[in-house]
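Notes to accompany the following structure.
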Amino acid sequence: QVLLVESGGGLVQAGGSLRLSCAASGRTFSNYNMGWFRQAPGKEREFVARISWSGGSTNYVDSVKGRFTISRDNAKNTVYLQMNSLKPEDTAVYYCAAQAISTLRWDYWGQGTQVTVSS
């Protein structure tokens, strides 16, 4: 019973930057690891980044390492994805998700926000 709402998507030129936000409500935010996934048309959903409940541990898919940064502010119940040096292949719908610490299952998902990177 966690509601996740993404925002911050849009159209940006290659090489530009964008910051996505995910606001959580309904349960204690710190009970969950948080992550970002993305899905391009005709492709399967892909893991992008994850951050632990405390913010002390992060991991990323290789294709975004050095360009994307995930962070969280538990006081604001919000997780962010800072995306720099964007490439056309980053174009996708980006989804926020919450991972239960006890089971490591991605139990809750946001509705998604569109990110389009033009060449």
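The values are calculated or read from the model by the stated rules, or taken from the named source; none is laboratory data. On a predicted model such as this, the values are computed, not experimentally measured, just so you know. Cβ placement follows ideal geometry from the backbone for every residue including glycine, while neighbour counts extend to all protein chains displayed. Protein only, heavy atoms only, side chains kept; ligands, DNA and RNA dropped before computing areas. Shrake-Rupley method; radii C 1.70, N 1.55, O 1.52, S 1.80 Å.
Condition (residue is over 17 Å from Trp109 (Cβ atoms), surrounded by fewer than 18 Cβ atoms within 10 Å (Cβ to Cβ) and without any contact (Cβ under 8 Å) to a residue 60 or more places away in the chain) applied to region 7-16: is it met by at least one residue? Checked against the condition, which is being over 17 Å from Trp109 (Cβ atoms), surrounded by fewer than 18 Cβ atoms within 10 Å (Cβ to Cβ) and without any contact (Cβ under 8 Å) to a residue 60 or more places away in the chain, region 7-16 yields no hits at all.
Please work out which residue is nearest to Tyr32 (Cα to Cα), limiting yourself to region 88-103 and to residues that are at pLDDT 95 or above and open to solvent by 50 Å² or more (accessible area, probe 1.4 Å). If we take residues in region 88-103 being at pLDDT 95 or above and open to solvent by 50 Å² or more (accessible area, probe 1.4 Å), then Glu89 is nearest to Tyr32 (Cα to Cα).
Would you call Ser85 without any contact (Cβ under 8 Å) to a residue 40 or more places away in the chain and either surrounded by fewer than 20 Cβ atoms within 10 Å (Cβ to Cβ) or under 22 Å from Leu11 (Cα atoms) (or both)? Criteria not met by Ser85.
What about Gly66, is it within 20 Å of Ala23 (Cα to Cα) and free of Cβ contacts under 8 Å to residues at least 40 places away in the same chain? When the stated conditions are applied, Gly66 does not pass them.
Evaluation of Gly110 against the conditions (1) open to solvent by less than 50 Å² (accessible area, probe 1.4 Å); (2) closer than 19 Å to Gly55 by Cα; (3) not charged (D, E, K, R) shows that the sole unmet condition is (2). The set of residues in region 19-29 being in contact with a Leu (Cβ under 7 Å, 6 or more places away or on another chain) and crowded, with 20+ Cβ neighbours inside 10 Å consists of Leu20, Cys22, Ala24.
On the stretch given as region 52-73, residues that are farther than 17 Å from Asn84 by Cα, in contact with a Phe, Trp or Tyr (Cβ under 9 Å, 6 or more places away or on another chain) and either among the aliphatic types (A, V, I, L, M) or surrounded by 15 or more Cβ atoms within 10 Å (Cβ to Cβ) (or both) total 2.
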